[in-house]
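Visitor: Once you've had a glance at the structure underneath, I'll fire off some questions.
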Amino acid sequence: MNGGRPNPRQTDAIDYEALVQEDRVHGSLYSHPRVFDHEMARIFEASWVFVGHESEVPEPGDWVTRRIGREPVILVRGRDRDVRVLANRCAHRGTTLCWRERGHSRNFRCTYHAWTFDLDGVLQGVPYPAGFRGAVSQTQLDRPAQVARHRGFVFARMSAEGAPFEEFLGPAGVELLDRLCDLSPVGRIRLHAGWIGHQVESNWKMWYESNNDGYHFRFVHASLLDAMPDTHYEDAVLGAEATNPSRAVDYGGGHSELDFRRGYTAPLAWLGTDEARVGTYRDALARARGDEGAKQLLWDGPPHAMIFPNLFLGEMNLVVIEPVAPGRTILRHTAVGLEGVDAALNRRILRQSEAALGPASFIVPDDATTAERMQCAFEAMAPIPGAGHGWIDLSRGIEREEHDPTTDRRIGHVSDETTNRAFWRHYRSLMAGA
Amino acid sequence: MKARACDADLYREVEAFLFREARLADEGRYAEWEVLVTDDVHYWVPKGRADYDPGARLSYINDNRTRLATRIRQLTSGRRHAQTPPSPMRRVISNVEVERAEGSTDEYDVGANFVLYELAVQASSALRVWAGRASYRLRRVDGELRIAAKTVELVNDDALPNLTFLL
């Protein structure tokens, strides 16, 4: 596959076991180009990555373009209604086939020499075929070795070897996706709102860490609290350290959550509203799940969780972390639409999404500036294991978190760095374990 | 079309209004800027062209008066890190077109191109260029021009850096 190029999965000149420790990691991991190349190979190629949701391509011929690491791919629904992930690169000379964000096609025709591929990626025809050996008829677009899905969430693994999907997602990943989808009375979400991109001059890993950091809110988002003092984060995130019952959870496998359920003080706090204003929604949930079930769902709301490495379940938003370069990341977000609810509720979710996420929103730009300030501070660092400086402290709460040996879950205070450690422990196993 | 054409005095008045609005935005004089909008203002920065229902799809900005007030409160809180310190910036406005709004005696449809240079001094000090066309619905209120709607179609699209000032 790689021709004569050294395979970054095998050239292990960087000592990740030394640079990633339980309570600290080295700053060069955010900035060094070789680290980034290793990550693309060992995480984004060799492990599972979120690609998209089936509801984005409802009809045969519908497609959206995405990236798996830096690899451009097409998520497309075929004539057989199956959803596939195909390389967005002609099998002839490599021209990008789809250069828009989304579209609908009967097939994929390359603009260079008009090679035409069916929706399943199989070559249908080429002009002037006599010049080719017979093998051209067997040609297909490249594709990930494995594609799997849960509740319409499509994940892919580029390389043939690696953990099976069930092991990657684990019971916790299943539970997190279920908790989001179960907020629909018919158990289905729909991504209908389009995606907004936000480019940040920082490393992609800061976004796993920032999304699930329960310690920073009062400081980074101080201006939001000034401008919008009734935010739902007041109780669940900001409550006094001693009394806030919200939790930071490390599920293993790199997945983690800021679990606000115990911190909420009213149903629907996560939606900034109350039952009286969404009566038809409560009734629809009660018909589907019973009164008790509906009550629980309205209290708990959606998860605030990271599915390793690139999918943030940001309550009623999805965010995809797209690594571009060591110091550049694109965050793409969309609002989660619920099937089986009235349009007003989905519009409310969309408005909240605009307020929270994206380059002009009230929350994430302040995280972006913070991440860019970190990146400036890491830019010159080299990955030297014995370095006496440049270490990042991730020890908060390490003494007080509970470890459940049967599930291998670690549970800390919502403000503890339990979630950071969840990321780095799995990162270390993928980066050093090869 | 003729009935909607505007005379030279109105054109100059609108142009002066746009220049003043631009200067207040460039200099972060938000309290003075906020006076220029009506209570039913809609401030919209769509993703791409303004050819869709902003209630049905995400936009970069889709502010009614309440949300615009929140945006300005956040900017003036002194703790908006994404604009601390504020980006030095200057915009150039051109290609101004003014028409009387159809069926109205006190409203005008206005369009203007802009190019804006921003120095993002909050972290890396990158020089960023923003370009696009702003379309306005201006209304005369007690003799003064006010912004009843402003829609900004950016040339920049797909993955913008922080956009935490007013376009």
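Visitor: For the subset of region A:187-212 comprising residues that are touching a helix residue (DSSP H, G or I) at 6+ places or on another chain (Cβ under 7 Å) and assigned to a loop (DSSP other than H, G, I, E, B), which member is farthest from the other protein chains (Cβ to nearest Cβ)?
Guide: Only one residue tops the list, namely A:GLY187.
Visitor: Scan region B:131-153 and give yes if some residue there is without any contact (Cβ under 8 Å) to a residue 24 or more places away in the chain, aliphatic (A, V, I, L, M) and closer than 27 Å to A:THR370 by Cα, otherwise no.
Guide: Pass one, region B:131-153, residues without any contact (Cβ under 8 Å) to a residue 24 or more places away in the chain: B:142-144.
Next, only the ones that are aliphatic (A, V, I, L, M) stay: none.
No, region B:131-153 contains no residue that is without any contact (Cβ under 8 Å) to a residue 24 or more places away in the chain, aliphatic (A, V, I, L, M) and closer than 27 Å to A:THR370 by Cα.
Visitor: Same structure again: For region B:40-89, what are the residues that are of a type in the set (D, E, K, R) and in contact with a Ser or Thr (Cβ under 7 Å, 6 or more places away or on another chain)? So that I can check it myself, show each step before the final result.
Guide: Of all residues in region B:40-89, those of a type in the set (D, E, K, R) come to B:40, B:47, B:49, B:51, B:53, B:57, B:63, B:65, B:67, B:71, B:73, B:79-80.
Those that are of a type in the set (D, E, K, R) and in contact with a Ser or Thr (Cβ under 7 Å, 6 or more places away or on another chain): B:LYS47, B:ARG79, B:ARG80.
Visitor: Then there's this: Quick one: which residue in A:ALA284, A:ALA266, A:ALA240 is surrounded by fewer than 21 Cβ atoms within 10 Å (Cβ to Cβ), assigned to a helix (DSSP H, G or I), in the same structural domain as A:GLY173 (by TED's automatic domain parsing) and of a type in the set (Gly, Ala, Ser)?
Guide: Among A:ALA284, A:ALA266, A:ALA240, only A:ALA284 is surrounded by fewer than 21 Cβ atoms within 10 Å (Cβ to Cβ), assigned to a helix (DSSP H, G or I), in the same structural domain as A:GLY173 (by TED's automatic domain parsing) and of a type in the set (Gly, Ala, Ser).
Visitor: For A:ASN88, which of the numbered conditions (1) within 25 Å of A:HIS333 (Cα to Cα); (2) of a type outside the set (Gly, Ala, Ser); (3) buried (at least 19 other Cβ atoms within 10 Å of the Cβ); (4) touching a residue at least 24 places away in the same chain (Cβ under 8 Å) fails to hold?
Guide: (4) is the only condition that A:ASN88 fails.
Visitor: Residue pairs, Cβ under 8 Å, 6 or more apart or interchain, first in region B:44-70 and more than 10 Å from chain A (Cβ to nearest Cβ), second among the acidic types (Asp, Glu) and exposed (fewer than 15 other Cβ atoms within 10 Å of the Cβ). List them.
Guide: As it stands, the answer is B:ARG65/B:ASP39; B:ARG65/B:ASP40, since those pairs meet every condition given.
Conditions tested, residue by residue: (1) closer than 24 Å to A:ILE349 by Cβ; (2) out of contact with any His (no Cβ under 8 Å at 6 or more places or on another chain); (3) of a type in the set (Asp, Glu).
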| site | (1), (2), (3) |
| --- | --- |
| B:GLU13 | no, yes, yes |
| B:VAL35 | no, yes, no |
| B:THR38 | no, yes, no |
| B:VAL41 | yes, yes, no |
| B:PRO54 | yes, yes, no |
| B:SER77 | no, yes, no |
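Visitor: To continue, here is another question. Can you tell which of B:GLY55, B:GLY48, B:GLY111, B:GLY78 is of a type in the set (Gly, Ala, Ser), within 17 Å of the chain's Cα centre (by Cα) and closer than 30 Å to A:MET228 by Cα? Walk me through how you get there before you give the answer.
Guide: Values: B:GLY55 fails: within 17 Å of the chain's Cα centre (by Cα); B:GLY111 fails: closer than 30 Å to A:MET228 by Cα; B:GLY78 fails: within 17 Å of the chain's Cα centre (by Cα).
Just a single option satisfies the conditions, and that option is B:GLY48.
Visitor: List pairs: first in region B:102-120 and closer than 13 Å to B:LYS150 by Cβ and modelled with pLDDT of 95 or more, second in a strand (DSSP E or B) and among the aromatic types (Phe, Trp, Tyr), Cβ under 8 Å, 6+ apart or cross-chain?
Guide: If the second residue must be in a strand (DSSP E or B) and among the aromatic types (Phe, Trp, Tyr), the pairs left are B:TYR108/B:TYR136; B:ASP109/B:TYR136; B:VAL110/B:TYR136; B:GLY111/B:TYR136; B:ALA112/B:TYR136; B:PHE114/B:TRP130.
Visitor: Okay, moving on. Looking only at region A:393-429, which residues are of a type in the set (Gly, Ala, Ser) and part of a helix (DSSP H, G or I)? First the steps, then the outcome.
Guide: Here is the first cut: in region A:393-429, the residues of a type in the set (Gly, Ala, Ser) are A:395, A:397, A:412, A:415, A:422, A:429.
Matches in region A:393-429: A:ALA422, A:SER429.
Visitor: Taking the conditions exactly as written (under 24 Å from the mean Cα position of the chain (by Cα), within 14 Å of chain B (Cβ to nearest Cβ) and surrounded by fewer than 19 Cβ atoms within 10 Å (Cβ to Cβ)), does A:ARG425 satisfy them or not?
Guide: On the way: under 24 Å from the mean Cα position of the chain (by Cα): yes; within 14 Å of chain B (Cβ to nearest Cβ): no; surrounded by fewer than 19 Cβ atoms within 10 Å (Cβ to Cβ): yes.
Answer is no for this residue.
Visitor: Every residue in region A:353-395 that is polar (S, T, N, Q), more than 7 Å from chain B (Cβ to nearest Cβ) and surrounded by 21 or more Cβ atoms within 10 Å (Cβ to Cβ), please. Before the answer, list the steps.
Guide: Our first condition is that a residue be polar (S, T, N, Q); within region A:353-395, this holds for A:353, A:361, A:369-370, A:375, A:395.
With the extra rule that they be more than 7 Å from chain B (Cβ to nearest Cβ), the set shrinks to A:361, A:375, A:395.
Correct list: A:SER361, A:GLN375.
Residues checked against (1) within 22 Å of A:ALA335 (Cα to Cα); (2) at pLDDT below 95:
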position: A:HIS26; (1), (2): no, no
position: A:SER31; (1), (2): no, no
position: A:ASP37; (1), (2): no, no
position: A:MET40; (1), (2): no, no
position: A:TRP48; (1), (2): no, no
position: A:GLY52; (1), (2): yes, no
position: A:PRO58; (1), (2): yes, no
position: A:ASP62; (1), (2): yes, no
position: A:ARG70; (1), (2): no, yes
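Visitor: Given B:LEU154, B:LEU163, which one is hydrophobic (A, V, I, L, M, F, W, C) and more than 8 Å from chain A (Cβ to nearest Cβ)? Steps first, please.
Guide: On the way: B:LEU163 fails: more than 8 Å from chain A (Cβ to nearest Cβ).
Only one candidate qualifies: B:LEU154.
Visitor: Restricting attention to region A:142-159, does a residue exist that is touching a residue at least 12 places away in the same chain (Cβ under 8 Å), touching a strand residue (DSSP E or B) at 6+ places or on another chain (Cβ under 6 Å), over 25 Å from A:TRP48 (Cβ atoms) and part of a loop (DSSP other than H, G, I, E, B)?
Guide: no
Visitor: Check region B:12-35 and report whether any residue there is in a strand (DSSP E or B) and of a type outside the set (A, V, I, L, M). Before the answer, list the steps.
Guide: Within region B:12-35, the subset in a strand (DSSP E or B) is none.
Scanning region B:12-35 turns up no residue that is in a strand (DSSP E or B) and of a type outside the set (A, V, I, L, M).
Visitor: Further question on the same structure: Just checking, how many residues over region B:75-103 are away from every other protein chain (no Cβ under 14 Å) and either surrounded by 16 or more Cβ atoms within 10 Å (Cβ to Cβ) or more than 29 Å from B:ALA126 (Cβ to Cβ) (or both)? Give the derivation first.
Guide: Step one: filter region B:75-103 for residues away from every other protein chain (no Cβ under 14 Å), giving B:88-103.
Subset that is either surrounded by 16 or more Cβ atoms within 10 Å (Cβ to Cβ) or more than 29 Å from B:ALA126 (Cβ to Cβ) (or both): B:89, B:91, B:93, B:96-103.
The qualifying residues number 11.
Visitor: Select from region B:1-56 the residues that are hydrophobic (A, V, I, L, M, F, W, C), farther than 22 Å from B:PHE165 by Cβ and touching a helix residue (DSSP H, G or I) at 6+ places or on another chain (Cβ under 8 Å) and list them in ascending order.
Guide: Listed by number, the residues that qualify are B:CYS6, B:ALA56.
Visitor: Which number in (1) without any contact (Cβ under 8 Å) to a residue 12 or more places away in the chain; (2) surrounded by 23 or more Cβ atoms within 10 Å (Cβ to Cβ) marks the one condition that A:ASP250 misses?
Guide: (1)
Visitor: Among the numbered criteria (1) over 17 Å from A:SER353 (Cα atoms); (2) in contact with a strand residue (DSSP E or B) (Cβ under 9 Å, 6 or more places away or on another chain); (3) within 13 Å of another protein chain (Cβ to nearest Cβ); (4) not charged (D, E, K, R), which one does A:ALA248 miss?
Guide: Exception for A:ALA248: condition (3).
Visitor: Using the structure shown, decide if B:VAL129 is within 18 Å of the chain's Cα centre (by Cα), at pLDDT 95 or above, away from chain A (no Cβ under 11 Å) and within 23 Å of A:GLU201 (Cα to Cα). Quick ask: steps written out before the conclusion?
Guide: Values: within 18 Å of the chain's Cα centre (by Cα): yes; at pLDDT 95 or above: yes; away from chain A (no Cβ under 11 Å): yes; within 23 Å of A:GLU201 (Cα to Cα): yes.
Spelling it out, B:VAL129 is indeed within 18 Å of the chain's Cα centre (by Cα), at pLDDT 95 or above, away from chain A (no Cβ under 11 Å) and within 23 Å of A:GLU201 (Cα to Cα).
Visitor: With the requirement that a residue be out of contact with any helix residue (DSSP H, G or I) (no Cβ under 8 Å at 6 or more places or on another chain), within 10 Å of chain B (Cβ to nearest Cβ) and β-branched (Val, Ile, Thr), what does region A:318-352 give you?
Guide: A:VAL324, A:ILE330
Visitor: Applying the selection to region A:370-392, what residues are assigned to a helix (DSSP H, G or I) and within 19 Å of A:ASP15 (Cα to Cα)?
Guide: Pass one, region A:370-392, residues assigned to a helix (DSSP H, G or I): A:370-378.
Scanning region A:370-392 gives a single hit, A:PHE378.
The values are calculated or read from the model by the stated rules, or taken from the named source; none is laboratory data. No experiment lies behind these values; they were computed from the predicted model shown. Because the Cβ atoms are built from the backbone with ideal geometry, glycine has one as well, and the counts that use them run over all protein chains shown.
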